[in-house]
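Have a look at the structure below before the remarks.
The values are calculated or read from the model by the stated rules, or taken from the named source; none is laboratory data. The model shown is predicted, which means the values in this text are computed figures rather than measured ones. Because the Cβ atoms are built from the backbone with ideal geometry, glycine has one as well, and the counts that use them run over all protein chains shown.
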Amino acid sequence: MAQNTRTVPAGTPTNVTQNHTKGGIGESTLRPDGTLKVTGEFAYSSDMWHEDMLWGQTLRSTVAHAEIVSIDVSEALAMSGVYAVLTYDDLPAETKNYGLEIQDTPVLAHGRVRHHGEPVALIAADHPETARRAAAKVRIEYKELPLVTDEASALAPDAPLIHEGRDDHHAGHVPHPNIVHRQPIVRGNVEEARKRADVIVEGEYVFGMQDQAFLGPESGLAVPAEDGGVDLYVATQWLHSDLRQIAPVLGLPEEKVRMTLSGVGGAFGGREDLSMQIHACLLALRTGKPVKIVYNRFESFFGHVHRHPAKLHYEHGATKDGKLTHLKARIVLDGGAYASASPAVVGNASSLGAGPYVVDDVEIEAVALYTNNPPCGAMRGFGAVQACFAYEAQMDKLAAKLGMDPVEFRQINAMEQGTLMPTGQVVDSPAPVAELLRRVKARPMPPERQWESAGEGADVRALPGGLSNTTHGEGVVRGVGYAVGIKNVGFSEGFDDYSTARVVLQVINGEPVAMVHTAMAEVGQGGVTVHAQIARTELGVTQVTIHPADTQVGSAGSTSASRQTYMTGGAVKNTCEAVREKVLEIGRRKNGSYHPAWATAELLLEGGKVVTDGGEVLATLADVLEGEDPIDLELEFRHRPTVPFDLVTGQGDGHVQYTFAAHRAVVEVDTELGLVKVVELATAQDVGKALNMLSVVGQIQGGTTQGLGVAVMEEIIVDPKTAKVRNPSFTDYLIPTILDTPTIPVDVLELADPNAPYGLRGLGEAPTLSSTPAVLAAIRNATGLELNKTPVRPEALTGTL
Amino acid sequence: MDFLRPASWEEALAAKAEHPTAVPIAGGTDVMVEINFDHRRPEYLLDLNRIELLSEWEVGEENVRLGASVPYTRIMENLRAELPGLALASHTVASPQIRNRGGVGGNLGTASPAGDAHPALLAAGAEVEVESVRGSRFIPIDAFYTGVKRNALEPDELIKTVHIKKADGPQQYSKVGTRNAMVIAVCAFGLALHPETRTVRTGIGSAAPTPIRAKEAEAFLNAALEEGGFWDNGKIITPSIAKQFADLCSGAANPIDDVRGTAKYRRHAVGIMARRQLGWVWEQYRGTGRTLEGAA
């Protein structure tokens, strides 16, 4: 879309404050789908059904890196009930790859597989069991190739190239073809600044591969249409991004691929990349029948990208009065076999790698590797998570070395409004880093030995090990740790990150009703709730209908980067304002002659009426709109533009908005068994403006818990010898249960960002950053161990690795 | 796959005799996972859910006769006094939904070293009553586990009842997992004092190819308790005895490195659990500690 379709820039102050309609912004209205989800009646994408539909099955590689010598589908194809078996040779169009930024991912493997679980063939059958059996009858002969599994093997002189002949836009500037993207950030003079340091600390940190672990596995239904196109119903994070990648592979124009969002069971970044979308469409178009694909949990672990595991080397210096002198950091992210979002993750990890601190002399280098490990891409926190884990550990080390309190040390160095980022960008809206830390520290401590408060005996639920009854208090030591982080909001580095909202206002049965139509993917974040609130506030109506999200309206951008309330919420606000102007135009035309206030007063829409700013009612909305065509507007909305980071210095106003959260973790560690109970994770966060406080608190608690998970249990374990995933199940990839989830008191600040709609600040990711290092700091505090790796395994706490 | 649905125990035995490859299914919490993940494709499933006697239990003079399908929830709720170790173990099984379906018969049938019930059964002392059309027999729990996921059942036999010794003293059970609920054992340990015979029994899970007892540790502790007159004088067990017992338990383990934990950690954790449990059961025995049911 062209930049000049822009209508009202983000944050343009309007001279009216619409805030008197029930169910509007600021109220904790309930999710429209909440009850259905709790009672199990909500229809998820995996629940869809179509008459005569077939079931699609993906056949995936059993090895990580191999040449495909031969594929024999004849036996599978001969099975009764099997309608199609597709391989690379069956792809219908010139375009055979897809990808978010670099189109390096084959729809089906072509002569070579680059990671364990790569799709090689597709089967459609009349029963899922038949499809699975047919998949087992496809004969594939592999000739295994040497593996690239880490930086050393990726950059070795004789390293196999994961993608030979790269011609993507990063290929020209990377030092090695097995590096997807490299971003340095250089500011000041580290060598000079180091001389001023009284203390220097260094650390090597390892962040494990985390999975998004959304509960609704990848699924969707493709229905072939009479016009030769296809209707695709799917759980995803960004319909239009999917569409842009799907249509060329099918050889169809985008208007012949009509997408509708179906019920999404969580996303957390894991649905930014395509999974079964193209596969289901290919099978549907080939067979002429609707095709449903549902991954099971095992396949889901191979069906989406994960959080980049990272190795981070950090060096910080400080003066004896506690001022940071310099930072030198190197961040190596493992991007796996395909690029996915790796370049943008590199941009984030480097540009946010110094954390929310004032430090003038900085050298940061971040790279993402191509390897034969599982592909990694977007996940909540997106590069900033890994960096935060490292720089917060460094802050504690520095404070300890200086004999200072870790919170005071952070406060001395905390950035604030006006601080320059290492990229040279000014932080030009509130950045209450010191205040967030003050608030979590000031909170009363949870009582000691809570397992004893239950009366007779020990309440094991309050102890490390929980129901497993491993301690009644023996070996248990409490620890406290703090952390704070910085995350960007919205897509950065010059990306045209717009959103679109269509709003229709009309009178139905004598009542004014607004309909909000966007392509925003509701993945659980609560967009559908706040869109209705915004429409009520801006249009003064109580009845708001949310149209299903589809591609019949313009792009809403991705439900990621903490951006949807800002961007699509902003788009809904923007379109509602334009609709409001139309209403007033009609009112003036119809009724202007009856009351002078139509021409002279500031007019508002509130409670279904047109009122003056003095509160005088001029007309009901129903009267104004009676006999008129529905007001139906679709407008785009943009945040302020950003620029790419300079490829040599990393300088540039690359980010839209910054967001901050702080945590205090209180843990109890069974030091003999190495088991951890997180007792409390107090958090404070600035959200600019809470459009729905219930939803805000839910996001913060959820993000906090996801950060806790990676601190103490979550990790996809990849065998370094085979590059195969060892734990693709919820039996062995553990995520926190309610007994692992502590009390999470939330302290919400609302310091408006003048650039953002309603002053709001994107909030979904920030809690995921600081929660992990806070827990690690607390475990270090309890045990005295260094602990430089997530997750903290019992072995690491007991010296039994 | 054929689904056999006998209405009575006799019909079930007949079906198993006719189709020895039939896989019995009751709660389905193990079998269905294997089927859903395509790890197993049995020719026949033998549904035991219509057979009421399998869901019944009876508290006798010396033993509890526990039907193979009695769900863990029932054990937790109704048999805490008689089977405290098994009740504690039951509480560590998966989630409430799984505990409402799964029972000890399934754990025994699968005979995974990670089955939660095994260490408690080994420590308490039990016999597994199995039956076929040829007749019934009692297999001592010590002889039941024959290899990794293998047990002493003949192909035509079904598990009917587990006869577990009623607790005559304190029992404990712990399991190590890297999550505070709903977790497969990295390793597990059970300990039972048997004051009537002045003996102790142990059970170790997930730390050897099969569930095992730490017999050397038991023998050591039996002797040490006897020698020091501890059963009579009720004195606190000395730290050196506790340590040696723990070390011997640790030494009895024969674990592997896998995705859930290292062998070294498992051996270490077995020792810690053994030492702690000895403290807990002895405190209970001395009458100063907690109730017989344990703390969970």
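Let's see how each residue does on (1) β-branched (Val, Ile, Thr); (2) closer than 27 Å to A:Pro791 by Cα:
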| site | (1), (2) |
| --- | --- |
| A:Gln277 | no, no |
| A:Thr287 | yes, no |
| A:Glu299 | no, yes |
| A:Phe302 | no, yes |
| A:His308 | no, yes |
| A:Arg330 | no, yes |
| A:Ala344 | no, yes |
| A:Ser351 | no, yes |
* **Conditions (1) among the hydroxyl-bearing types (Ser, Thr, Tyr); (2) assigned to a loop (DSSP other than H, G, I, E, B); (3) over 17 Å from A:Arg793 (Cα atoms); number of the one not met by A:Tyr733** => (3)
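Residue-wise test of (1) within 12 Å of chain B (Cβ to nearest Cβ); (2) β-branched (Val, Ile, Thr).
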| position | (1), (2) |
| --- | --- |
| A:Leu694 | no, no |
| A:Gln701 | no, no |
| A:Val712 | yes, yes |
| A:Thr722 | no, yes |
| A:Ile735 | yes, yes |
| A:Leu739 | yes, no |
| A:Thr743 | no, yes |
| A:Ser770 | no, no |
| A:Val792 | yes, yes |
* Which residues, counting only those in segment B:227-269, are part of a helix (DSSP H, G or I) and under 30 Å from A:Ile735 (Cα atoms)? -> B:Ser250, B:Ala263, B:Lys264, B:Tyr265, B:Arg266, B:Arg267, B:His268, B:Ala269
* Kindly indicate the residue of segment B:248-296 that is modelled with pLDDT under 95 and polar (S, T, N, Q) and also surrounded by the most Cβ atoms within 10 Å (Cβ to Cβ) among those meeting that condition. => B:Gln284
* Structure fact -> Exactly one of A:Met79, A:Met48 is hydrophobic (A, V, I, L, M, F, W, C) and buried (at least 17 other Cβ atoms within 10 Å of the Cβ), and that one is A:Met48
* Asked: Under 7 Å by Cβ, and 6 or more places apart or on different chains, what pairs join a residue from segment B:245-261 that is more than 14 Å from chain A (Cβ to nearest Cβ) with one that is among the hydrophobic types (A, V, I, L, M, F, W, C) and surrounded by fewer than 22 Cβ atoms within 10 Å (Cβ to Cβ)?
  -> B:Phe245/B:Phe220; B:Leu248/B:Phe220; B:Ala252/B:Ile212; B:Asn254/B:Ala208
* Asked: Looking at A:Val291, A:Val359, which is the one that is out of contact with any helix residue (DSSP H, G or I) (no Cβ under 6 Å at 6 or more places or on another chain) and surrounded by 24 or more Cβ atoms within 10 Å (Cβ to Cβ)?
  -> A:Val359
* If we keep just the residues of segment B:92-106 that are within 14 Å of chain A (Cβ to nearest Cβ) and surrounded by fewer than 24 Cβ atoms within 10 Å (Cβ to Cβ), which is nearest to A:Ile738 (Cα to Cα)? -> B:Ser95
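Where in segment A:555-662 are there helices (runs of 4 or more DSSP H), lying wholly inside it, with at least 1 residues that are of a type in the set (S, T, N, Q) and surrounded by fewer than 24 Cβ atoms within 10 Å (Cβ to Cβ)? Please lay out each step first, then the result.
Working: elements: A:564-591, A:597-600, A:621-625.
Because the criterion is at least 1 residues that are of a type in the set (S, T, N, Q) and surrounded by fewer than 24 Cβ atoms within 10 Å (Cβ to Cβ), the helices (runs of 4 or more DSSP H) in segment A:555-662 that meet it are A:564-591, A:597-600.
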* Hey, can you tell me all the residues within segment B:15-25 that are touching a residue at least 12 places away in the same chain (Cβ under 8 Å) and either more than 12 Å from B:Glu157 (Cβ to Cβ) or in contact with a Phe, Trp or Tyr (Cβ under 6 Å, 6 or more places away or on another chain) (or both)? => B:Ala15, B:His19, B:Thr21, B:Ala22, B:Val23, B:Ile25
* To do: Can you give me the ranges of the strands (runs of 3 or more DSSP E) entirely in segment A:132-222 with at least 2 residues that are among the aromatic types (Phe, Trp, Tyr)?
  => A:199-207
* Checking B:Pro170 against (1) within 14 Å of chain A (Cβ to nearest Cβ); (2) within 28 Å of B:Ile35 (Cα to Cα), which test does it fail? -> (2)
* Identify all residues within segment B:107-129 that are surrounded by 24 or more Cβ atoms within 10 Å (Cβ to Cβ) and closer than 18 Å to B:Ser69 by Cα; write none if there are none. => B:Asn107, B:Leu108, B:Gly115, B:Asp116, B:Ala117, B:His118, B:Ala120, B:Leu121, B:Ala126, B:Val128
* For segment A:19-42, does any single residue satisfy the condition of being touching a residue at least 24 places away in the same chain (Cβ under 8 Å), crowded, with 18+ Cβ neighbours inside 10 Å, touching a strand residue (DSSP E or B) at 6+ places or on another chain (Cβ under 8 Å) and small (Gly, Ala, Ser)? -> no
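Within 14 Å of another protein chain (Cβ to nearest Cβ), more than 28 Å from A:Glu299 (Cβ to Cβ) and surrounded by fewer than 23 Cβ atoms within 10 Å (Cβ to Cβ) - does that describe any residue in segment B:62-74? Steps first, please.
Step one: list which residues in segment B:62-74 are within 14 Å of another protein chain (Cβ to nearest Cβ), which gives B:72-73.
If we keep only those that are more than 28 Å from A:Glu299 (Cβ to Cβ) as well, we get B:72-73.
Of the ones still in play, those that are also surrounded by fewer than 23 Cβ atoms within 10 Å (Cβ to Cβ) are B:73.
Yes, segment B:62-74 has at least one match.
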* **Single residue of A:Thr500, A:Thr423 found to be touching a residue at least 24 places away in the same chain (Cβ under 8 Å), away from chain B (no Cβ under 14 Å) and closer than 30 Å to A:Ile631 by Cβ** => A:Thr500
* Asked: Has segment A:699-710 got at least one residue that is more than 20 Å from A:Ala267 (Cβ to Cβ) and either in a strand (DSSP E or B) or within 20 Å of the chain's Cα centre (by Cα) (or both)?
  -> no
* Asked: So which of B:Asn49, B:Asn36, B:Asn107 ends up being within 24 Å of A:Asp732 (Cα to Cα) and either touching a helix residue (DSSP H, G or I) at 6+ places or on another chain (Cβ under 9 Å) or charged (D, E, K, R) (or both)?
  -> B:Asn107
* To do: Name, by its number, the condition in (1) among the small types (Gly, Ala, Ser); (2) within 14 Å of chain B (Cβ to nearest Cβ); (3) touching a strand residue (DSSP E or B) at 6+ places or on another chain (Cβ under 7 Å) that does not hold for A:Ala458.
  => (3)
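Against the definition (touching a Lys or Arg at 6+ places or on another chain (Cβ under 7 Å), acidic (Asp, Glu) and not in a loop (DSSP other than H, G, I, E, B)), how does A:Glu392 come out, yes or no?
Details: touching a Lys or Arg at 6+ places or on another chain (Cβ under 7 Å): no; acidic (Asp, Glu): yes; not in a loop (DSSP other than H, G, I, E, B): yes.
No.
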